[in-house]
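Q: Before I ask anything, here is the structure I am working with.
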Amino acid sequence: SKHGVPVSIISERNSYFTSEFWKSLQKALGTRLDLSTAYHPKTDGQKVGEDKLLGPEIVQETTDKIVQIKERLKVARDRQKSYADKHRKQLEFSVGDKVLLKVSPRKGVG
């Protein structure tokens, strides 16, 4: 597609696109990595060198998508917190009540 996240990325078997980072990113974005063969590297119909122009565009689209994902995660987290806060019962303690105190050596009292 001309706009938005691509359906697939065709690579000349460059290790940059086969790293764990790219695999997890493509899974999150719902894209697919297609590798061309050594004997027929231009299976995508592009001219030699044309694929190099896509690098900055892919990085920008990916960066934009990551920002969007982070914003959506914050909205979901805030919604879950609001729901939990509304349905949480206020605890009341009296003098002499026994309570369990959880202490973490790295974080202090938690």
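Rule-based calculations on the coordinates, nothing more; no lab input. All values reported here derive from a predicted model rather than from experimental measurement. As a convention, Cβ positions derive from the backbone with ideal geometry for all residues, glycine included, and neighbour counts pool all protein chains shown.
Q: Could you pull out every residue, at least 5 positions away or on a different chain, whose amide H is within less than 5 Å of the one on LEU33? Hs are placed 1.01 Å off N in the peptide plane, and Pro or chain starts have none.
A: For LEU33, the qualifying residues are ILE9.
Q: Quick check: pseudo-label points 7 Å beyond the Cα along Cα→Cβ at GLN90 and ALA76, how many nm apart are they?
A: 3.2
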